1. If you go through the range 80-112 one residue at a time, how many are more than 22 Å from Gly143 (Cα to Cα) and in a loop (DSSP other than H, G, I, E, B)?
2. Under 8 Å between Cβ atoms, which residue pairs at least 6 apart in sequence (or on different chains) link something in the range 139-159 that is within 21 Å of Val96 (Cβ to Cβ) with a partner that is modelled with pLDDT under 80 and surrounded by 10 or more Cβ atoms within 10 Å (Cβ to Cβ)?
3. Considering only residues of the range 105-123 that are in contact with a strand residue (DSSP E or B) (Cβ under 6 Å, 6 or more places away or on another chain) and charged (D, E, K, R), which is farthest from Arg86 (Cα to Cα)?
4. Out of the range 108-121, which residues are within 19 Å of the chain's Cα centre (by Cα) and closer than 19 Å to Cys77 by Cα?
5. Of the conditions (1) modelled with pLDDT of 90 or more; (2) among the charged types (D, E, K, R); (3) part of a loop (DSSP other than H, G, I, E, B), Arg67 fails just one. Which one is it?
Amino acid sequence: MMSKRRLQMQKREPVDSKWTENPNAPDMLDLMRQLENARKMDAIERALTEAKTDNGTPMIKPEQDNRRINQYTCETCGGVITTIDRVPGTTPFSLVCRATPGCNGRSYSSMYRVQPGLTPTHEWYKPDKLPRDPGMRQHVQMGGLLIRPVEKLAGDKNK
């Protein structure tokens, strides 16, 4: 026959009622996991705050500007496009080259590690209507953005 304490431990019930009155309260292991996750997030935040580009200038942090700048470099032709995120959302790591007409190479993201002040040639946007293509439709429904060339309008300083 098991003792009352061992039964409480197996059921994950609090052994001593002075610590908690709520039987659904998190146990010590859960609290330790939450603390460890908080410490990891603090370390990540510190690393992002101190992050620099290759020449030592501070990287643009997403919380500073929702309109993040990125670059994609083609591995075939070496062409580069500069993109801006017009709205928060998901953008791909790689895409078909848009820098050189006729090039079918893959362009890869620089993961937003770019020099501040670049002028975008393309923009990531959220479409007003869902695309007809099932794959693109799912991408947009899950928070993905679409890309298009930047259209400069007269008097528009943001584009």
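1. Number satisfying all stated conditions: 9.
2. Val150/Lys159; Glu151/Lys159
3. The initial filter retains those residues of the range 105-123 that are in contact with a strand residue (DSSP E or B) (Cβ under 6 Å, 6 or more places away or on another chain), namely 105-110, 112, 114, 118, 120-123.
The next check asks that each one be charged (D, E, K, R); those that pass are 106, 123.
Values: Arg106: 23, Glu123: 7 Å.
In this case the residue turns out to be Arg106.
4. Selection gives Tyr108, Ser109, Ser110.
5. All conditions are met except number (1).
Let's see how each residue does on (1) within 22 Å of Tyr125 (Cα to Cα); (2) assigned to a helix (DSSP H, G or I); (3) modelled with pLDDT under 90; (4) in contact with a His (Cβ under 9 Å, 6 or more places away or on another chain):
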site	(1), (2), (3), (4)
Met9	no, yes, yes, no
Pro23	no, no, yes, no
Ile44	no, yes, yes, no
Gly78	no, no, no, no
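The values are calculated or read from the model by the stated rules, or taken from the named source; none is laboratory data. Here the structure is a predicted model, which means the values were calculated and not measured. For neighbour counting, all protein chains shown are included, and Cβ atoms are generated from backbone atoms with ideal geometry for every residue, glycine included.
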